[in-house]
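Taking it in order: structure first as structure tokens, then the write-up.
The numbers here are math on the coordinates, done by the rules we state, and not lab data. Quantities reported herein were computed from a predicted structural model and do not represent experimental measurements. Cβ atoms come from the backbone with ideal geometry, glycine included; neighbour counts cover every protein chain shown.
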Amino acid sequence: MDAEAGDAYQNDQESLYLLAKKNFLVTVTGVDGTAVFTEVSGVEASVDVIEFRQGNSGSLSPVKIPGLVKHGNVTLKMGYMLNQQFKTWVQECVSEWSGAIPRQTVNIEMIDINGGEPKETPGGSLIWQLTNAWVTKYLGADLNSTQSNVVIESVELAYEELIIPNWN
């Protein structure tokens, strides 16, 4: 194998190794490409409970009805990024500028990476869709030249609605 072919082989193997360590693909509407993450946390939805009692009610117990649906922020942790456009979107959201925050639909897909190739999990992919999402916080990696840890960055997303399209 010549030197050029050996370098190409090594680069392919390194890319495969980096992907094999991940198990969440994130796509953002309006942002070309896919980002890969090691950890996703904070996907949640809750419904406020409103209690009230009518003045002419014969019961002393309040009636409970559903109120506003609230969503927590989602934190994405990454050790490697495939896509510069995703970083550009993050930059647009957290930079100081006078324009509107670029809200997008974000799809988080859990993938099976056994054998090094992303493939659909049995029963179909599990996808969480966050609508009107935007980056509310970016946390850069702790850099320490005396350690050999993987550089981990994190991004926190605020969103307005959670959709799980194939939740049965």
Subtracting the Cα-Cα distance from 0.36 nm times the residue separation, let me have the gained length for THR38 to GLN147 in nm, one decimal.
37.2 nm
Calculate, in nm to one decimal, what LEU139 and LEU162 gain on full extension: separation in residues at 0.36 nm each, minus their alpha carbon distance.
5.9 nm
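Work out how much length ASN56 to VAL94 would gain on full extension: take 0.36 nm times their residue separation and subtract the Cα-Cα distance, in nm to one decimal.
8.4 nm
Could you order the peptides 28-40, 84-96, 135-147, 47-59 from most to least packed, using the average number of other C-beta atoms within 10 Å per residue?
Details: 28-40: 17.0, 84-96: 15.3, 135-147: 11.2, 47-59: 8.8.
Peptide ranking by packing, descending: 28-40, 84-96, 135-147, 47-59.
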Starting from the 7 Å offset along Cα-to-Cβ, what nm value, one decimal, do you get for the label separation of THR131 and LYS70?
2.1 nm
